[in-house]
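*Asks:* Take this structure first; my questions come after.
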Amino acid sequence: MNCQPYWKRLVYKCSIINQTCLLCDERAGQAYPLCIACEQALPWLDDQCLRCALPMPMSGLTCAQCSRRAPAFEQVVALWYFGFPVDTLISRFKHKRQWPLGRLMAELLGHGLLHRFAEGMARPDLLLPVPLARRRQRERGFNQAGMLARWLSGQLRVRYDERLLTRTRETPAQQQLDARARRRNLRQAFAFTGELTGQHVAIVDDVLTTGATAHTIAQVLRKAGARRVDVYCLARTPKPGYA
């Protein structure tokens, strides 16, 4: 059973110029439903860690955590830091089924990735969404990472698969756990079916917080033979006090 909506018909009808901005209801004046003023007001992620995209005070730096213990993934690409209004948009997409907001953010991420590919960033061979626990997917009715991966796949022309990477056991919610507890919580929580010898894989998720989930999945994918693992997400959570 596929609980995800048929997005071509129900989610996103955005082929018409001069549509309404999804944030302010004014005329967008662009090829996607977001006006220029609202687009400029988004919390764009500028200076960041070269490895995990943690917001940093200046560009070209690697954060202390990545310097001490390099993650299993190679690079994180995120458009925004997790702040207003992106935090609200992601919540409305994920918890209130406002799929047009997710589709809009996926398209903007796709534009950012295409720009980076044109500048020389390696294009992946496969997109793999972070899987939800079965109970949580039944409750929610869909996997937001799976929807993002599907939309990105069409825009980037990169294959995606929701069945190869699975969550093998139920784990407590990560939100209230620190980085160390998150790593313990995720031990043996994921499995990959198949082999990835020599392939470049990108993990797709909505938000990267500590990077524990992405690191654990990247370890699993490398054991399956992946030569490189990247992470594509909408937003990166900054450290407390970040302005």
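The values are calculated or read from the model by the stated rules, or taken from the named source; none is laboratory data. Since this is a predicted model, take the numbers as computed values, not measurements. Glycine also receives a Cβ, built like all others from the backbone with ideal geometry; neighbour counts cover every protein chain displayed.
*Asks:* So in region 139-155, with the set limited to residues that are out of contact with any helix residue (DSSP H, G or I) (no Cβ under 6 Å at 6 or more places or on another chain) and free of Cβ contacts under 8 Å to residues at least 60 places away in the same chain, which one is nearest to Ala218 (Cα to Cα)?
*Replies:* Ala149
*Asks:* Moving on to the next point. Kindly indicate whether any position in region 52-64 is modelled with pLDDT of 95 or more, part of a loop (DSSP other than H, G, I, E, B), crowded, with 17+ Cβ neighbours inside 10 Å and touching a Gly at 6+ places or on another chain (Cβ under 6 Å).
*Replies:* Among the residues of region 52-64, at least one is modelled with pLDDT of 95 or more, part of a loop (DSSP other than H, G, I, E, B), crowded, with 17+ Cβ neighbours inside 10 Å and touching a Gly at 6+ places or on another chain (Cβ under 6 Å), which makes the answer yes.
*Asks:* Would you pick out the residues in region 197-215 that are outside any strand (DSSP E or B) and crowded, with 21+ Cβ neighbours inside 10 Å?
*Replies:* Gly211, Ala212, Thr213, Ala214, His215
*Asks:* Of everything in region 65-76, what is buried (at least 19 other Cβ atoms within 10 Å of the Cβ) and not in a loop (DSSP other than H, G, I, E, B)? Give them in sequence order. Step through it out loud before you land on a result.
*Replies:* Pass one, region 65-76, residues buried (at least 19 other Cβ atoms within 10 Å of the Cβ): 71, 73, 75-76.
Matches in region 65-76: Gln75, Val76.
*Asks:* Could you check, for region 226-243, whether at least one of its residues is within 25 Å of Pro57 (Cβ to Cβ), of a type in the set (Val, Ile, Thr) and either at pLDDT 95 or above or part of a strand (DSSP E or B) (or both)?
*Replies:* yes
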